[in-house]
Amino acid sequence: MGMTEFFENDLRVKAELDALGDLGWYCIGATLWSKNYKLPTSVTDLTDTIKNSDGVILSCTASLHYYDDDDQPTEKSTTAIIHCSFLSYTCTNFQLRKDRCISKISSSHFRRTLHFFNYTLDAKLVELHIGWNLVKPEKVVVDCELPQEAATMVQDLTRIVEGIKKSGCWPDSKWPRISRKTQLVMNAIKQSVDLGCKLVYLTEN
C-alpha cells in the first residue's frame, strides 16, 4: 500500500523532479567534485532506464565521458557511471578508481558527525591476471563539525550574506557555478534518455 501510494502521489515521481532530478543530483555532483567541477565531454544514457506510466524516470543509469582533447586516446580518458533509482534501497555509494588506487565512500549524504572512507593503494593483478592482489584497505575517518551537508550550506550562506551586508562583498559565484554545471549534466542525461541512448555533447561555454 505504501509503495503504491508513493509511486502515484509522491513529489519525487512527478515530472518536475523524478529519480534523475532528486537522486541524480547527488550522483552528478559527486562526479563533478571528483573532476574539480569540470564538465564531461559527453554523456550517454544506458539501456536500463525505467519510467512509470506518465513517463517519469524511476531508475536511470548513465555514463559520463571526459577527454582532454579530441586526439586523446580512449585508454587515457575518464569514464564515470552514475545510477539513481527509486526501485532499490536507500543508499549512496561512491567509488573512485585510478590505476592502482581505489577509494570507497558509502551513504555520503546521511546525517552523522563523522564519516569515513576506505582507501586501497597499490592494487595489482595477480599472476596470470586472474584476479586482484589487494592489500587491506586503509580506513580514513573525517570529523564533521556539522552533522549534515544542509547545515554546512546554511552556514556558508550566512557567511556570504554577512560579507555582503557588512563588508560590501560581491556574492560568491561558487555555488551558482556548481549548480549550473550539475543542471547542465542532468539536462544532457535527460536528453540522451529522450533520444534513445544517443550521445550528447557538452561544452564549458
Phi-based couplings in Hz for region 151-161 (Karplus 6.51, -1.76, 1.60; Gly and Pro marked x): 5, 5, 5, 4, 4, 5, 4, 4, 4, 5, 4
Please tell me which of these pairs span more than 25 angstrom C-alpha to C-alpha: K139/K190; K14/K190; K35/K190; K98/K136? K139/K190
Let me check I've understood the local charge: for D194, count other residues with C-beta under 13 angstrom from its C-beta, Lys and Arg +1, Asp and Glu -1. What total comes out? +1
Going by amide H atoms built from the backbone, whose H comes under 5 Å of the H on T41, apart from near neighbours? H65, Y66, Y67
Extension reserve of the I81-Y67 stretch, reckoned as 0.36 nm per residue once the Cα distance is removed: 3.5 nm
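Any read-out appearing in this document is the output of simple, stated calculations on the displayed coordinates, not a laboratory observation. Note that this is a predicted model, so its numbers are computed, not measured. Here the Cβ is made from the backbone with ideal geometry for all residues, glycine too, and neighbour counts use every protein chain on show.
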